[in-house]
Amino acid sequence: MLYDLGRADLRIKWLVTCLLATLGVSYVFGALMVSLYAGFTPERVAATYAGREMSMPMPPETTMVMEHAMSMADFAKPEVHEVDTNLLIQDTHVHVPMYGVIAAALSLVVAGLSLSQGWALALITLLFSAPWLDFAGMWLTKFVSARFAAVTLIGGWAMGVGYLAVTALAIHQMWLRTRGVDR
Amino acid sequence: MNLLLRGAVIATVLHITPAVVLVKRPDAVQALLPGADTYLARDVHLSDPDAHRLHELVDWSPEDGVLTFYSGKADTTGVGALTFVRVDTPHGPIEVAVGFTPQGAVRGVIVTKATVEMKPWVLEAVGAGLVERYRALKPGDVPAGAAALVGHVGNLAAYIAGEVDKGVARGLAAYGTFYAVRNVGA
């Protein structure tokens, strides 16, 4: 095969290693950011994207007012980070292109690995479908049912699994596998 | 590959940095409802016609169609009300707290949240006296804090002042249309 990372020039191996390390750092901080703003449980993801529990599913026929007492402690409670439709449109517009670029970069690494065609296609599909699941889950949680928060979680974990699989295979084939390979 | 690189650059430039709390809500409440010891939250669930009316006034619909006002009392005397308004900008959201006196004039405005990217612009605008420009405005008045700052601050601080103007305009419209009419003197 013309493009084989296991036999590639040292400079290419180093480039790919640096790319994977940089993406790894961004994934770690991405996970930290998710833990700060949305959380890793379906309940917290649903609270972030589905909106307030008290919200009415449809606008009332006439404007309605509800009042309740507040204490200063209520104002001090940690706020649930809510993503409304406008912000979700903005998030989707901003993040999906970058996710596509990351999936493409990792897929280029996959194309240089010694894998069967089936495994390579499966990995590439995983890399692109994971962010689709992530954002599909957010939209479905907002407009269909809070139960779709699980789809967002599956998408997020799938992104992590895809990255780890590509990184482990690439590091192994580029730096650790010795038989029949020129370093 | 060229397309990929261009996509990466565009996505990086457009990436929105996380929101940071500039002033905590309890601190904003104490500053805008001074002396209050009891508080009431009022959620106004807008009907479609009322939501449309508000949209016509200030080109804005509140999150989930709900306006929330907080009023405060010292003993039995009303000290005013406040609302938190979010403004979505291309650089991410900011949140503005707009407080009103019992007479219905703006007592004060506090920018409570911004993104990491916008924080220095907000601080520059606020440091140049932006929020003082809103004091005593009443529903129907047009906030013009940004215009007053032009030439005194950098372009980005003047830009963010325009976004704060939008937040104050929304607060004024919401208060004047859906709170003050029910609560003369509250």
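The values are calculated or read from the model by the stated rules, or taken from the named source; none is laboratory data. Given the structure is predicted, the values throughout are model-derived calculations rather than measurements. Please note: Cβ atoms are built from the backbone with ideal geometry, for glycine as well, and neighbour counts cover all protein chains shown. To get the accessible areas, we keep the full protein, side chains included, count just its heavy atoms, and leave off ligands, DNA and RNA. Shrake-Rupley method; radii C 1.70, N 1.55, O 1.52, S 1.80 Å.
Considering the stretch B:82-136 alone, what residues qualify as being of a type in the set (S, T, Y) and touching a residue at least 60 places away in the same chain (Cβ under 8 Å)?
Initially, the stretch B:82-136 is screened for residues of a type in the set (S, T, Y), giving B:83, B:89, B:101, B:112, B:115, B:134.
Within the stretch B:82-136, B:T83, B:T89, B:T112, B:T115 meet the criteria.
For the stretch B:46-78, a residue qualifies if it is surrounded by fewer than 21 Cβ atoms within 10 Å (Cβ to Cβ) and either among the basic types (K, R) or in a strand (DSSP E or B) (or both), and the qualifying residues are B:R53, B:V66, B:T68, B:K73, B:A74, B:T77, B:G78. Residue count for the stretch A:6-29 satisfying the condition of being in a helix (DSSP H, G or I), open to solvent by 30 Å² or more (accessible area, probe 1.4 Å) and not hydroxyl-bearing (S, T, Y): 12. When B:I10, B:I16 are screened for being at pLDDT below 95, of a type in the set (A, V, I, L, M, F, W, C) and assigned to a loop (DSSP other than H, G, I, E, B), only B:I16 passes. Is the stretch A:114-125 home to any residue that is outside any helix (DSSP H, G or I) and among the small types (G, A, S)? Yes, the stretch A:114-125 contains at least one residue that is outside any helix (DSSP H, G or I) and among the small types (G, A, S).
When you look at A:P42, is it in contact with a helix residue (DSSP H, G or I) (Cβ under 6 Å, 6 or more places away or on another chain) and open to solvent by 50 Å² or more (accessible area, probe 1.4 Å), yes or no? Spell out the reasoning first.
Numbers: in contact with a helix residue (DSSP H, G or I) (Cβ under 6 Å, 6 or more places away or on another chain): yes; open to solvent by 50 Å² or more (accessible area, probe 1.4 Å): yes.
Yes; evaluated as a whole, the condition is true for this residue.
The residues of the stretch A:83-115 that are under 30 Å from B:Y70 (Cβ atoms) and more than 7 Å from chain B (Cβ to nearest Cβ), listed by number, are A:V83, A:T85, A:L88, A:I89, A:D91. Restricted to helices (runs of 4 or more DSSP H) entirely inside the stretch B:114-186, those with at least 1 residues that are among the polar types (S, T, N, Q) and surrounded by 15 or more Cβ atoms within 10 Å (Cβ to Cβ) are B:155-178. In the stretch A:73-104, which residues are hydrophobic (A, V, I, L, M, F, W, C), open to solvent by less than 50 Å² (accessible area, probe 1.4 Å) and either in contact with a Phe, Trp or Tyr (Cβ under 9 Å, 6 or more places away or on another chain) or part of a strand (DSSP E or B) (or both)? Selection gives A:F75, A:V83, A:L88, A:I102, A:A103, A:A104.
Taking the conditions exactly as written (more than 14 Å from the chain's Cα centre (by Cα), modelled with pLDDT of 95 or more and among the aliphatic types (A, V, I, L, M)), does A:V16 satisfy them or not? Taking the combined requirement at face value, the residue satisfies it.
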